[in-house]
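In what follows, a structure is listed as structure tokens, so that the remarks can point back to it.
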Amino acid sequence: MVGTSQSYKFLSDPSEQIYRALLLHRRTALWQVERAARLAGPLLDAIPEQMELPPLRQMTDEERLVADFHGSSMSTGPHPMTYCREALSKLQVKRACDLPRVPDGQYTRVAGCVIARQRPGTAKGFVFLSLEDETGISNVIVNPDLYEKYRVVINREKFLRVEGVLQNQDHTISVKASRVLPLSITAADTRSRDFH
């Protein structure tokens with residue numbers, strides 16, 4: 001993209017650099033990569049390249065998340081939970097990294113993307129969930145009766161908010177669920193590893 005005298009002027013003016021940086025985004029980068037990857041050929045070599053805005057508007061955070069999970073099953077930007085952390089904090093929902101400081105036996109709340117659901121045959125109907133947030137993983141234990149009550153939510157929802165008593169046994173931390181609620185975070189196709 002740098003090659004014309006206009007481009008050099010642009011790069012030497014700090015206020016222009018800041019302005020242009022604000023306009024650049026993922027779609028702009030994709031257009032520039034596409035142009036760079038294709039040789040212009042002798043017919044178009046003499047025509048100077050123009051620095052113009054891309055024909056598409058900047059992607060929203062939601063569009064970026066959906067595209068990331070569709071393409072790579074993960075986000076290249078902030079974790080989806082980052083976008084709702086302020087609202088969750090007002091509801092006293094703890095981050096995974098906060099759980100070691102919560103006293104054993106205290107009622108607490110956690111939330112995250114379901115990354116694993118386990119219901120081993122030897123666990124007498126107990127279900128174990130792993131919820132990922134922007135700081136780590138929270139482990140949740142769901143007793144058989146509660147599982148029956150929230151079966152559809154637990155099995156189908158991609159993001160959950162769980163309330164229950166924190167258990168800290170020899171630095172193994174989990175939340176023994178008493179309530180399981182769905183969270184609407186993103187339409188991104190997140191996937192969990194489910195073992196039944």
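The values are calculated or read from the model by the stated rules, or taken from the named source; none is laboratory data. What you see is a predicted model, and the numbers here were worked out from it, not measured in a lab. With ideal geometry, Cβ positions are generated from the backbone for all residues, glycine too; neighbour counts draw on all protein chains shown. We work out accessible area using only protein heavy atoms, side chains counted, and drop any ligands, DNA or RNA first. Shrake-Rupley method; radii C 1.70, N 1.55, O 1.52, S 1.80 Å.
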Matching residues in segment 128-145 - criterion: being of a type in the set (Asp, Glu) and open to solvent by 30 Å² or more (accessible area, probe 1.4 Å): GLU132, GLU134, ASP145
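Can you find a residue in segment 42-59 that is part of a helix (DSSP H, G or I) and at pLDDT 70 or above?
Within segment 42-59, the subset part of a helix (DSSP H, G or I) is none.
Checked segment 42-59: no residue is part of a helix (DSSP H, G or I) and at pLDDT 70 or above.
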Selection count, segment 60-74, where residues are out of contact with any Lys or Arg (no Cβ under 8 Å at 6 or more places or on another chain) and outside any helix (DSSP H, G or I): 2
The listed residue being open to solvent by less than 90 Å² (accessible area, probe 1.4 Å), outside any loop (DSSP other than H, G, I, E, B) and at pLDDT 70 or above, out of ARG27, ARG85: ARG85
Qualifying positions in segment 92-109 - open to solvent by 80 Å² or more (accessible area, probe 1.4 Å) and without any contact (Cβ under 8 Å) to a residue 40 or more places away in the chain: GLN92, ARG101
Number of the exception - SER174 against (1) under 12 Å from ILE115 (Cα atoms); (2) surrounded by 19 or more Cβ atoms within 10 Å (Cβ to Cβ): (1)
Members of segment 146-171 found to be within 23 Å of TYR83 (Cβ to Cβ) and open to solvent by 20 Å² or more (accessible area, probe 1.4 Å), listed by number: VAL153, ARG156, GLU157, LYS158, ARG161
Qualifying residue in segment 142-160 (condition: more than 25 Å from the chain's Cα centre (by Cα), part of a strand (DSSP E or B), of a type in the set (S, T, N, Q) and within 22 Å of VAL102 (Cβ to Cβ)): no
Selection count where residues are more than 23 Å from the chain's Cα centre (by Cα) and aromatic (Phe, Trp, Tyr), scope segment 117-141: 1
Filtered residues of segment 88-107 (kept if over 20 Å from the mean Cα position of the chain (by Cα) and part of a strand (DSSP E or B)): TYR107
Count of residues meeting criterion [of a type in the set (Asp, Glu) and either touching a Cys at 6+ places or on another chain (Cβ under 7 Å) or under 22 Å from SER89 (Cα atoms) (or both)] in segment 134-192: 3
Which listed residue, of GLY125, GLY112, is open to solvent by less than 30 Å² (accessible area, probe 1.4 Å) and either at pLDDT 95 or above or in a strand (DSSP E or B) (or both): GLY112
Test set (1) under 30 Å from SER72 (Cα atoms); (2) open to solvent by less than 30 Å² (accessible area, probe 1.4 Å); (3) at pLDDT 95 or above; (4) not basic (Lys, Arg) - THR186 fails condition number: (3)
